[in-house]
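To keep things clear, I will list the structure first and then write my remarks on it.
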Amino acid sequence: MNWQDVLTKNGFRISGPRRHVMQLLESTTQPMTPLEIYQALSQSGCLLGMVSVYRALELLAQLGLVCVVYNPDGSAGYVAGVGGHHHHIVCQNCHQAIAFAGSEDLSSLIQRVEKETKFKVSDHLLQLYGICPDCQKILTDTLEEK
Ligand SMILES: [Zn+2]
Ligand SMILES: [Zn+2]
């Protein structure tokens, strides 16, 4: 199901702000902060206010159409969602965020934490950092030149 259908099915209009924000995020794998989204849209001649950007992001996140990803510097950016339960791995060099599926892989960790803390775990937030294949190559080349 595409994002247009998700909005319509949940009773929301495909308004200008929602469409502009989704189209922008779908065009990149780099997480964008609300300010960056606002600036990119302004530059392409789309005059949306910051409040409209925030409101659109809030709704799109609620519907799972966009996800929050944390950049290596700790700032929160948004990426287009891929649907289903998934996590992101973020490149520490170029900041691109790639989604990967899965939750079962955490079950042994969750079991251990429940045992240790007597909590009932109901949700989790997981994100991995690393160096993407492109940057591994660039970084290796740079090292060899030295
Ligand atoms: Zn990279
Ligand atoms: Zn998970």
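Just read off the accessible area of Phe100 with the full protein assembly in place, 1.4 Å probe, to the nearest 10 Å².
That residue has around 50 Å² of solvent-accessible surface.
Could I get the Rg over Rh figure for the chain? Both from C-alpha atoms, Rh via Kirkwood, rounded to two places.
Radius of gyration relative to Kirkwood radius: 1.05.
With a 1.4 Å probe and every protein chain left in place, tell me how much accessible area Arg18 has, in Å² to the nearest 10.
Accessible area, nearest 10 Å²: 50 Å².
From largest accessible area down, sort Cys67, Cys135; use a 1.4 Å probe on the protein chains.
Sorted by accessible area, descending: Cys67, Cys135.
Over the chain, what is the mean sequence separation of C-alpha contacts under 8 Å (at least six apart), divided by residue count, expressed as relative contact order in percent?
Here the relative contact order equals 19 percent.
Between Arg19 and Ile98, what's the calculated FRET efficiency when r is the beta-carbon distance and R0 is 25 Å? Round to 0.05.
For Arg19 and Ile98, the calculated efficiency is 0.50.
At 7 Å along the Cα-to-beta-carbon direction for both Asp5 and Gln62, put a label point, then send me their distance in nm to one decimal.
For the pair Asp5/Gln62, the computed spacing is 2.3 nm.
Of His87, His95, which has the most accessible area and how do the rest follow, probe 1.4 Å?
Solvent-accessible surface, decreasing: His95, His87.
In region 14-109, which GluC sites (Glu not before Pro) fall in coil by DSSP and have 10 or fewer other Cβ atoms within 10 Å?
Filter output for region 14-109: empty list.
Which value, in debye to the nearest 20, gives the size of the charge dipole of region 1-102 about its Cα centre, when Lys and Arg are +1 and Asp and Glu are -1 at the Cβ?
The dipole magnitude comes to about 320 debye.
Find the eigenvalues of the gyration tensor of the Cα atoms of region 25-103, then list the square roots of 5 times those eigenvalues as equivalent ellipsoid semi-axes, largest first, in whole angstrom.
22, 15, 10
What's the center-to-center distance, using Cα atoms, between region 72-135 and region 35-59 in Å?
26
Near Lys137, which aspartates and glutamates are there with a Cα under 14 Å away, not counting those fewer than 8 places off in the same chain?
Straight-line reach from Lys137, under 14 Å: Glu145.
The values are calculated or read from the model by the stated rules, or taken from the named source; none is laboratory data. Keep in mind it's a predicted model, so treat the numbers as computed, not measured. Using ideal geometry, Cβ is built from the backbone for each residue, glycine included, and neighbour counts are taken over all protein chains shown. Protein only, heavy atoms only, side chains kept; ligands, DNA and RNA dropped before computing areas. Shrake-Rupley method; radii C 1.70, N 1.55, O 1.52, S 1.80 Å.
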